[in-house]
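**Student:** Would you mind keeping the following structure in view while I ask a few things?
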Amino acid sequence: MAEDKIVLTGIQPTGSPHIGNYLGALKTLIEMSQNHKTIMFIADLHALNAEKDAKKIKQHTYEIAASMIAMGLNLENTAFFRQSDIDEIYKMSEFLMNVTPKGLMNRAHSYKARVEKNVEAGEDVDAGVNMGLYTYPVLMAADILLYNSDIVPVGKDQKQHVEFARDIAGYFNNTYGNTLKLPEPVISEDSGYVPGLDGRKMSKSYDNTIPLFAPSNELKKRIMRIITDSKTPEEPKNPDESTIFQIYKCFATDAETAALRKQFLDGGMGYGTAKTILFEKIDSVLSEPRAEYERLMANKSEIDAILADGAKKAGFIASKTIAKVKKKMLG
Ligand code: ADP
Ligand code: TRP
C-alpha cells in the first residue's frame, strides 16, 4: 500500500479486547500506523443504538484506547480520538441524510438481519429497530468522508458499509459537483479465526475468551481451562487440531512454532505441559504492554489528553470538509 495514503478506521467500544480481537483486527491497524497517516477513532456514537449504559461505553472506550496505545499505536502518525468529540460528525451525518436513498438503508445487512429475525419470530418487521440502527451506514459514511480518507481497512462484515460510503459520496458529487473523495475498502483476508477456550471462535458471546491484558494469574487460569482431547502424554498429537498450538503460533517466532509442532508430533508431551509453554509465551510477550496498559488505566487523564490531541488534529481536517459541504448545499 502506498505510504502517502490516509488510512481510516473506527473501533466500536463494545467490550474489553480479547486476544482474538487483537490478533484479528487491532494488530494490523497498529502495524499500519507505523508508516501511514492514520485516522483512528473509538466509534462511541455507533455503540449508542444498542448500548444504553453511558458508564459502560466510557469504560470500554478507555480500555480500547489504553490497549491500542500500550500495544504500540504510532501516535505521531495517528489522529486517535473519540468519534463523539468531533462536532462536525453530527453535521456531516445530517447533510448526508439528504442524499442517501432510503432504499439503500433497507438493503443494509445488519438491518436486514434484524428484520428477518423479527419476521421469523412473528413480530412487526421493525420491532426493536431504532433510527440509530437504521441509519448506522450514514453515520459510518460521514466518518469515512469527513476526513478525506483513501483506505478503510475493515473485516468482511463491514465491507458493505464502506461500499455504501462510496455510493453516498457518488450521490453527493453527482448532485453538487465533485467534492468528496471516494475511499477504497481494504478487506482483511479471512485468515481464519483465533479459537477460544472451547475450540469455537474466540468471542465475547461464547464466553470463551482470553482477555488481552488479564493479570498473570488470571491468564494462567484461563489457559489451563482450554479444552483438549484425552490423549495421554506419550501419544503423538495433531498440532493443527489443537487450540493450544493455534494460539501459540500467533505469539511465537517461526523457530519456536516449529519446535512446538515437533513436540506435538513426536509425542511425549502432555497437554498440561503444552499449556504451561503457551502461558509462559503469552505472559512474556504481553508483560511489558500489560504494565503500560495498567499504568494508563490508573492515569485516565493521560488517555484523555492523547484523545483530545487526536481530536484537535482530526477536527482541523473535519472543519475544512464541512465548510465545503455546507457551501455546496446551502450556498
Ligand atoms: P466478539 O466476537 O468478541 O464480539 P467483535 O465482533 O466485537 O468480537 O470483533 C471485533 C473485531 O475483532 C472484528 O474485526 C473481528 O473480526 C475481530 N475478531 C473477533 N474475534 C476474533 C477471533 N476469534 N479471531 C480473529 N478475529 C477476531
Ligand atoms: N462499524 C464499524 C464496526 O462495527 C466501526 C466503524 C465506525 C468504522 N465507523 C467506521 C470502521 C468507519 C471503519 C470506518 O466495526
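**Student:** Residues being in a helix (DSSP H, G or I) and more than 9 Å from ligand 2 (Cβ to nearest atom): count how many of those fall in region 148-174.
**Tutor:** 14
**Student:** Let me ask something additional. Name the residue, out of E292, E280, E235, E302, that is over 30 Å from Q59 (Cα atoms), at pLDDT 95 or above and not aromatic (F, W, Y).
**Tutor:** None of the others qualify; the one that does is E235.
**Student:** A further question on this structure: With the requirement that a residue be out of contact with any Asp or Glu (no Cβ under 6 Å at 6 or more places or on another chain), in contact (Cβ under 8 Å) with a residue 24 or more places away in the chain and among the small types (G, A, S), what does region 192-228 give you?
**Tutor:** G196, G199, S203
**Student:** Right, next: Considering region 130-149 alone, what residues qualify as being farther than 23 Å from L330 by Cβ and either crowded, with 16+ Cβ neighbours inside 10 Å or among the charged types (D, E, K, R) (or both)?
**Tutor:** Those that are farther than 23 Å from L330 by Cβ and either crowded, with 16+ Cβ neighbours inside 10 Å or among the charged types (D, E, K, R) (or both): L133, Y134, Y136, P137, M140, S149.
**Student:** Among the candidates L96, L145, L104, L133, single out the residue that is of a type outside the set (G, A, S), within 12 Å of ligand 2 (Cβ to nearest atom) and farther than 13 Å from L45 by Cβ.
**Tutor:** Result: L145 is the single residue among L96, L145, L104, L133 that is of a type outside the set (G, A, S), within 12 Å of ligand 2 (Cβ to nearest atom) and farther than 13 Å from L45 by Cβ.
**Student:** If you take just the helices (runs of 4 or more DSSP H) that sit entirely in region 22-74, which of them hold at least 3 residues that are buried (at least 20 other Cβ atoms within 10 Å of the Cβ) and at pLDDT 95 or above?
**Tutor:** It comes to 44-47, 54-70.
**Student:** How do the pairs read when you match residues in region 41-59 that are touching a residue at least 12 places away in the same chain (Cβ under 8 Å) and within 16 Å of ligand 2 (Cβ to nearest atom) with residues anywhere that are assigned to a strand (DSSP E or B) and among the aliphatic types (A, V, I, L, M), using Cβ under 7 Å and keeping only pairs 6 or more apart or on different chains?
**Tutor:** Correct list of pairs: I42/I11; A43/I11.
**Student:** Assess whether S93 counts as being within 25 Å of F316 (Cβ to Cβ), among the hydroxyl-bearing types (S, T, Y) and part of a helix (DSSP H, G or I).
**Tutor:** So S93 fits the description; yes.
**Student:** For region 260-270, give me each residue that is assigned to a helix (DSSP H, G or I) and either over 32 Å from the mean Cα position of the chain (by Cα) or among the basic types (K, R) (or both).
**Tutor:** R261, K262, Q263, F264, L265, D266
**Student:** Filter region 192-231 for residues that are within 14 Å of ligand 1 (Cβ to nearest atom), in a loop (DSSP other than H, G, I, E, B) and over 18 Å from K249 (Cα atoms) and give the result.
**Tutor:** S203, D207, N208
**Student:** Looking at F316, F279 in this structure, which one is in the same structural domain as E63 (by TED's automatic domain parsing), among the aromatic types (F, W, Y) and part of a helix (DSSP H, G or I)?
**Tutor:** F316
The values are calculated or read from the model by the stated rules, or taken from the named source; none is laboratory data. For clarity, every value in this text was computed on a predicted model and none was experimentally measured. Note: ideal-geometry Cβ built from the backbone for every residue, glycine included; neighbour counts use all protein chains shown.
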